[in-house]
1. Based on DSSP loop calls and a cut-off of at most 16 other Cβ atoms within 10 Å, the longest stretch of the chain free of exposed GluC sites (Glu not before Pro) is what?
2. Evaluate the Debye formula for the range 1-92 with equal point scatterers sitting on the alpha carbons, no solvent, and hand back log10 of I(q)/I(0) at q = 0.10, 0.17, 0.23 Å⁻¹, in q order, two decimals.
3. Could you tell me how many degrees, from 0 to 90 and to the nearest 10, lie between the Cα long axis of helix 75-86 and the main elongation axis, the longest principal axis, of the Cα atoms of the chain?
4. With each run of n ≥ 4 DSSP H residues scored as -39500 (n - 2.57), what mean residue ellipticity at 222 nm is computed for the chain after dividing by its residue count and rounding to the nearest 500 deg cm²/dmol?
5. Roughly how far apart, in whole Å, are the Cα centres of the range 297-322 and the range 97-137?
6. Send over the Kirkwood Rh of the range 151-255, from the inverse of the averaged 1/r over different Cα pairs, rounded to one decimal Å.
7. On a 0 to 90° scale, report how tilted helix 376-385 is relative to the longest principal axis of the chain, with both axes built from alpha carbons and the result rounded to the nearest 10.
8. In what order do ILE47, ILE33 fall by count of nearby beta-carbon atoms within 10 Å, going from fewest to most?
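We did not get these values from a lab; they are worked out from the coordinates using the rules stated. Please read all numbers here as calculations on a predicted model, not as lab measurements. Glycine gets a Cβ as well: all are built from the backbone with ideal geometry, and neighbour counts include every protein chain shown.
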Amino acid sequence: MGPLDGVTVVALEQAVSAPLCTRTLCDLGARVIKVENPAGGDSARYIDDVVGGISAHFVWVNRGKESVTLDLKTEAGLRTLHRLLDRADVLVSNLTPGTTAKLGLAPDDLAGSHPDLIAVEIDGYGRGGPLSHKRAYDLLVQAESGACAITGTPGAPAKPGPPMADASTGLYAALSIVALLYSGERRSVTVSLFDTMTELMGYALHHTRHTGVDQQPRGMGSPAVSPYGAYRTADDQTVVLGTTNDREWQRLARELLERPDLVDDERLRTNPGRVEHRDLLDTELAAWCARHELSYIQRRADEAGIGNARYNTPSDVLAHPHLTARDRWRDIDTPSGPVPALLPPPVISGYDPPMGAIPALGAHTDRVLAELGLSDEELRELRRGA
């Protein structure tokens, strides 16, 4: 039994943000009923077909859920959804702007029709602003929030690789749900991708507000600290080395580079000075790393207490010995056979996450609707709508 055993979540979801929210709840033991349009279902099913005909996005964020197909444009479909909500603890949605309101499923509507329900709506830009009506995809919100401007290199902005806006918003939504379940309060929650990304932009926004300067992106470095970056090694690998305080800098210079003269350089005594003279430090570190192999650099850095890492590709991570040694992979079922998937990040003592199957579209419709006690005529009406 998981921490959320006995909690039932109904999801009107698509893409990543809401599905990651509900998969997180599912990983913690909740039952998640994913309500999909019979005409295709969640669009993320079809972004690609690389996992035995299913998209990689869909497999990532939908394990363990039950798929029920309902046409919510019909009276019968909407009526059946309300019967599901009568038995649910939580509704999570991230439909296009205005859709839940048109269906009478906005949080304010549900406060009257289902007062015991926690209604969570994920949207793009939040209510009451000039952008509230807009569609919001991860890249669009990352651009609007300034995240792309601090990623990449000067003149070449980039979107952070993982879908940070979607994923972080989904996790904020899950955190809100867990808090409300813990408190016993039944309130509505709205979480927007834009508000989430501006929260994650906290350092950059505070820095710019108080300096008037838009810091330039540093690729695999940081505008905030130095030395901190990626350097090629003698065996054509890339090592990432970083310091976050003056003591670490002194150890790096003395014990790793064997350059006590750098420690004595007044220009480099504090981090602001090192940031100002980062080109000097990067040149020194790059030259030192180019003379040594990755394994030597990492061993020496570990001995000196200096943070370090190897730059890896996704292919490298799939075979990462740290994941293998800690038994982080599990097989999960899909409609086309078992595939490996990573365990969820929280390690809870005495609890094994369920790691349930990826549902085929509508695979659980009959079973779930049978629990509602629908009559044969009601079932026929629903199937005509589908």
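1. Longest gap between qualifying sites, sites excluded: 1-184.
2. For the range 1-92, the Cα-only Debye profile gives -0.26, -0.72, -1.15.
3. Relative to the chain, helix 75-86 is tipped by roughly 70 degrees.
4. Counting only the DSSP helices, I get -11000 deg cm²/dmol.
5. Value for the Cα centre distance between the two parts: 44 Å.
6. On the way: mean 1/r = 0.0578 Å⁻¹.
Here the Kirkwood hydrodynamic radius works out to 17.3 Å.
7. Relative to the chain, helix 376-385 is tipped by roughly 50 degrees.
8. ILE47, ILE33
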